[in-house]
């Protein structure tokens, strides 16, 4: 975080991007950094809900000052012009000043499909990846439990049976 690098986690749905982003968030907190973790939808609803230009500017300054801003789920919803502009303002105000973690299910070449115009997507991508570690995940890890007997409610309402174990399973 001291070098203001960004991290972008790119992978299809279900491979653990959010979990990794949460772990980065946790480590930043343990190291004494201020962190804000939210989805792209939460961020844009917050910004779009500001009643005046002054309130919006205050909120943009808040998002610009947080030590580490983690924006989850870029690419799950399309952006209209206003939301694209708001996201661009957040990224631009943090550019080369504060670190950013993004998770997305789309490769950068597909970002123009969720933004209203290609130049907006290109400018946003340029600022995000200029000082970034882009991690493309092709398979993930999931914690699975050995199956338990009984009805579904019985299986989840009691502890694991003796001999049951958790194990990591590679997802391809």
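As a ratio to 2.2 N^0.38 Å, the alpha-carbon radius of gyration for segment 6-138 is 0.99.
Per-residue Cβ neighbour counts within 10 Å put 95, 62 in the sequence 62, 95, beginning with the fewest. Between residue 80 and residue 50, the modelled labels are 1.8 nm apart [label points 7 Å from Cα along Cα→Cβ]. Gyration tensor over the Cα atoms of segment 1-80: the corresponding equivalent ellipsoid has semi-axes (square roots of 5 times the eigenvalues, largest first) of 23, 19, 9 Å. What's the FRET efficiency of residue 118 with residue 92 using the Cβ-Cβ distance as r and R₀ = 22 Å, to the nearest 0.05? Efficiency for this residue pair is about 0.80.
Stretching the chain fully between residue 3 and residue 136 yields a gain of 45.7 nm (0.36 nm per residue, less the alpha carbon separation).
A short reminder: the numbers here are calculations on the coordinates, not readings from a lab. Bear in mind the structure is a predicted one, so any value in this text is a computation, not a measurement. Don't worry about glycine lacking a Cβ; one is built from the backbone with ideal geometry, like all the others, and counts go over all protein chains shown.
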